[in-house]
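Chemist: Encoded as structure tokens, here's the structure I'll be asking about.
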Amino acid sequence: MVLKVVQCEANVRPNVRLSTYKEPITTKKITIKEVAAHAGVSYQTVSKVLNRQMQVSKETEQRILNAVRELGYRPNQIARNMRANRSHMIGYSWVPTAPNQANHILDQFLSSMVLEAEAAGYHLLPFPFREGERLVAAYRELIDTGRVDGFVLSSVNYNDPRITFLLERKFPFVAFGRSNPEVDCPYVDIDGADGLCQAMRHLISNGHKQIAAIAWPEDSRVGNDRIRGYFESMLEHKLDIRSGWIERGEGTFEFGREAASRLFRLPAPERPTAIVALNDTQAIGALHAAREHGLEVGRDIAVIGFDDAPMSQYLLPPITTVRQPIREAGRKCVEILVALMKGDQPQEQQVLLQPELIVRTSA
């Protein structure tokens, strides 16, 4: 009876070959001294070659690399970081997007930073954005515990306490955005005023004189930078600036729709023929409001957004918008920060990138 059971089990697995069985790979930690012995060099030589602190002959270098590969050596990164007093981490926090919204600009910015950081041997450490007095606390904790080597700051505003704190601590950081004009610190920013100037020039060259703006609250540094281009262009071309044509509120679809509806309800002689919005989400709201008021966007009313979010080109009509070089901004932030963290002097510590007007059917 026992023999039959054994025979049945053997028949179930006819393709098993005991001769091909191998012992499991050992989990023993390979040391740098074992690599050195295998390569026939000192362990100091192995360490310096792997850390690119020494040049040796091609033959010796190849022997070391072969030994590393054959033995499966993995350096203890934590120990290396402790010896170098570095974490190879870059701290970054941002204001979270509402659950029912997407933030394609943030996605592009994060993607470019992650790729640039990885190429330089660093990783991104995201952490929650705090408001009020807790804003600086997370930065202090990450510095004091040695978990990051530098920061990229986002959502920079006037009198930003993070900038003051990091300057006082002499800790490496780059701000994505400018703060007060008198504050001298490393930053990468996009010239929002120039972006609005490009949009206004396009509208004015097409005969528009009654141009409204859907703007952000007055305490928004980025919003004020962008709307400055509107005011400068209107003054430059000696066009009337009417208070009723300036709508200020959040950068949401709902506010864009409400603001545009108020503009469309103005008496015909006072009604604007064109609208510039400070982001594409507001502009999409204006598109919906135009349809609700029986207006054809691109013919009866011109609408221009800002950001060139991916969906803007697929709407009906496609939105004319200002494209930000957001990937370049992320790349530049990390490039400057890596140089500062290494104690080097970047070629430029303050970078202002130029946006580009993308003309489509809505204007």
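A short reminder: the numbers here are calculations on the coordinates, not readings from a lab. Note that this is a predicted model, so its numbers are computed, not measured. Virtual Cβ from ideal backbone geometry, glycine too; neighbours counted across all protein chains shown.
Chemist: Determine, from the Cβ-Cβ distance of GLU168 and THR361 and an R0 of 45 Å, the FRET efficiency 1/(1 + (r/R0)^6), rounded to the nearest 0.05.
Modeler: About 0.30, to the nearest 0.05.
Chemist: Still on this structure, I have one more. In the stretch 165-237, what GluC sites (Glu not before Pro) fall in a loop by DSSP, with at most 16 other Cβ atoms inside 10 Å?
Modeler: For GluC sites (Glu not before Pro) across the stretch 165-237 that sit outside H, G, I, E and B with at most 16 neighbouring Cβ atoms in 10 Å, the list reads GLU182, GLU218.
Chemist: Could you work out the relative contact order of the stretch 239-317, using alpha carbon pairs under 8 angstrom and six or more residues apart, expressed as a whole percent?
Modeler: Details: 102 pairs, mean separation 24.0, N = 79.
Over the stretch 239-317, the number comes to 30 percent.
Chemist: Using a basic spin-label model with each label point 7 Å from the Cα along Cα→Cβ, how many nm lie between ARG134 and ASP300?
Modeler: My value for the distance between the label points is 4.8 nm.
Chemist: Give the range of the longest stretch in the chain that excludes all chymotrypsin sites (Phe, Trp or Tyr not before Pro) found in loop regions by DSSP and having at most 16 other beta-carbon atoms within 10 Å.
Modeler: Formally, the longest exposed-site-free interval is 159-313.
Chemist: Still on this model: Decide, for the stretch 176-301, between rounded, prolate and oblate: order the square roots of the alpha carbon gyration tensor eigenvalues as a ≥ b ≥ c, take rounded if a/c falls under 1.5, and otherwise choose prolate if a/b is larger than b/c, else oblate.
Modeler: prolate
Chemist: Moving to a separate point now. What FRET efficiency, computed as 1/(1 + (r/R0)^6) with R0 = 41 Å and r the Cβ-Cβ distance, is obtained for GLN44 and GLU250, rounded to the nearest 0.05?
Modeler: Plugging the Cβ-Cβ distance into 1/(1 + (r/R0)^6) gives 0.10.
Chemist: Straight-line reach only, C-alpha to C-alpha below 17 angstrom: list the aspartates and glutamates that LYS342 could link to, leaving out same-chain residues fewer than 8 apart.
Modeler: GLU116, GLU118, ASP149
Chemist: If you put +1 on each Lys and Arg Cβ and -1 on each Asp and Glu Cβ, how big is the dipole of the chain around its Cα centre, in Debye rounded to 20?
Modeler: 1760 debye
Chemist: Going toward the positive end of the dipole of the stretch 232-363, with +1 on Lys and Arg Cβ and -1 on Asp and Glu Cβ, which of LEU357, TYR314, LEU239 do you reach last?
Modeler: So the residue we want is TYR314.
Chemist: Report, in deg cm²/dmol and to the nearest 500, the calculated mean residue ellipticity at 222 nm for the chain, where each DSSP H run with n ≥ 4 adds -39500 (n - 2.57) and the sum is divided by the residue count. If you can, show how the numbers build up before the last one.
Modeler: Values: 13 runs with 153 residues, N = 363.
That calculation yields -13000 deg cm²/dmol at 222 nm.
Chemist: Turning to a different aspect of this structure: For the stretch 96-164, which GluC sites (Glu not before Pro) are in a loop by DSSP, counting at most 11 other Cβ atoms within 10 Å?
Modeler: The qualifying sites are GLU131.
Chemist: Nearest 0.05, what FRET efficiency do LEU65 and GLN345 give at R0 = 45 Å with Cβ-Cβ as r? Walk me through the numbers on the way to the answer.
Modeler: Values: r = 33 Å, r/R0 = 0.74.
It comes out at approximately 0.85.
Chemist: Can you give me the long-range amide H partners of ALA363? Hydrogens built in the peptide plane at 1.01 Å from N, cutoff under 5 Å, separation of 5 or more residues or another chain.
Modeler: VAL303, THR320
Chemist: In the chain, which longest range has no trypsin sites (Lys or Arg not before Pro) that are both DSSP loop (not H, G, I, E or B) and surrounded by at most 14 other Cβ atoms within 10 Å?
Modeler: Free of exposed loop sites, the longest segment is 53-129.
Chemist: Which residue, chosen from VAL46, MET89, LEU278, occupies the Cα position most advanced towards the positive end of the dipole of the chain, where the dipole is computed from +1 (Lys, Arg) and -1 (Asp, Glu) charges on Cβ about the Cα centre?
Modeler: Going by the Cα projections, it comes out as VAL46.
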